[in-house]
Amino acid sequence: MRLYAGIAVLALVSVGVGAVAQTNHAGHGDGMDHNVHSKMDEAVPSALQEPGQGTFAALSEVVRVLEADPDTDWSRVDLDGLRAHLVDMDRLVIGSVVSQETLSNGLLAKATGDEDTVATLRRMVPAHATQLARDARWSVMALETAEGIALQVTSDDPAVVARIRGLGFFGLMASQDHHKEHHLMLAKGEDAHAH
């Protein structure tokens, strides 16, 4: 009896596998039509907020803003420049090798990496140090070194010193939430370091 039950189960599984293997995939690409998705977006708001990988998401967001602005000067738009900057941001976070020295009144961070990362550090850290220096609670200095870049942030206020140390190099580079404005200016072909 068990032999017959086993054969029956095996026969059902074989038929099921055969049926799955013969499934018609003619409509498989239907969900890949971006025109259909854009029409759906107009009708039903999406619960999703992130349209994929971070750099692509940032570019996508900027494109939506530019397209919604009737005053966009498309002859000046520079999305390639924005992309290059976003690649730099990614390289800074992923490729940098950072050593941090605790100072009595703050922090000294020395950052290096491969040739491309060092070039990124030398472009980004001094520009961001200018933004950091707008905060009167601390003093900021960025210096080019033979290996890369050094960032020193100090304060006379013990609470601010604790904040500096807590942020560390990467937190300092991510602070002063001007990045979105900076990205939009880059995309519009404006001087992003003038703000």
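We did not get these values from a lab; they are worked out from the coordinates using the rules stated. It should be emphasised that the depicted structure is a prediction, and the values quoted were computed from it without experimental measurement. Neighbour counts run over all protein chains shown; Cβ positions are idealised from the backbone, glycine included.
Give the peptides 85-91, 142-148 in descending order of average Cβ contacts within 10 Å, highest first. Let's see the in-between values first.
Details: 85-91: 17.6, 142-148: 14.3.
Ranked by mean Cβ neighbours within 10 Å, highest first: 85-91, 142-148.
Wrap a convex hull around the Cα atoms of region 97-176, take a quarter of its surface area, and give that in square nanometres. Show your work: numbers first, answer last.
Numbers: hull surface 18.5 nm².
Mean projected area for region 97-176: 4.6 nm², to one decimal.
Rank Q152, A136, V118 by how far each Cα sits towards the positive end of the charge dipole of region 97-176 (+1 on Lys, Arg Cβ; -1 on Asp, Glu Cβ) and give me just the farthest.
About the Cα centre, the residue reaching furthest to the positive side is A136.
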